[in-house]
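Report on one structure; see the data block that follows.
FYI, it's all coordinate maths here, none of it is from the lab. Because the structure is a prediction, the values reported are computed rather than measured. Glycine also receives a Cβ, built like all others from the backbone with ideal geometry; neighbour counts cover every protein chain displayed.
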């Protein structure tokens, strides 16, 4: 099947327009940046049959061998049924396998297969390179600061109380 671009058109800032409150809304600035970075992700994963949730899931499983399906769903912010469908997708493609969890015989732990490990490494390298190209106007210090600030405002009320 030919690749159809998933890229959303960029949100171009038109100089002669007044943006009113949008100029001070973090959410609006984040949305513009997200659309641009999604385009970079799309270029990096073209032909790989990968979406941001699939990428996240594969990276998380690779970094946390034995993670449970429910914990993966929590990380992705998706319902249990959505996590199951995503894991089924990864298993069907031979990238992830379910194994009995030694700590809880009723649970399954998720593990990358050799094929999955190779795919994740290739995918990470491509996505990192394109992400860096897209954000090339930022210095290393600015990049770290931006990531720290975004992390700070993305913390939930529940996490703040913990």
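General remarks:
- Helix 26-45 axis, angle to the chain major axis (alpha carbon atoms, nearest 10°): 60 degrees
- Between 44, 29, 141, the Gaussian network model of the chain with springs among Cα atoms under 10 angstrom shows the greatest mean-square fluctuation at 141.
- Here the scattering of the chain is modelled by Debye summation over its C-alpha atoms, one equal scatterer each and no solvent; at q = 0.10, 0.12 Å⁻¹ the log10 of I(q)/I(0) is -0.49, -0.69.
- Centre separation in Å (Cα based) which lies between the range 54-93 and the range 7-47: 28 Å
- Burial ordering of 151, 88, fewest other beta-carbon atoms within 10 Å first: 151, 88
- Length released on extending from residue 25 to residue 79, taking residue separation times 0.36 nm less the Cα-Cα span: 16.5 nm
- With a simple spin-label model that places each label point 7 Å from the Cα along the Cα-to-Cβ direction, the separation between residue 65 and residue 37 comes to 3.0 nm.
- Rounded to 10°, Cα long-axis angle of helix 80-92 versus longest principal axis of the chain: 70 degrees
- Rounded to the nearest 10 degrees, the angle from helix 52-63 to the longest Cα principal axis of the chain is 50 degrees.
- You can think of it this way: the chain between residue 12 and residue 128 has 39.4 nm of extra reach, that is 0.36 nm per residue less the Cα-Cα gap.
- In a fully extended conformation the segment linking residue 101 and residue 141 would gain 10.3 nm over its present Cα-Cα distance, using 0.36 nm per residue.
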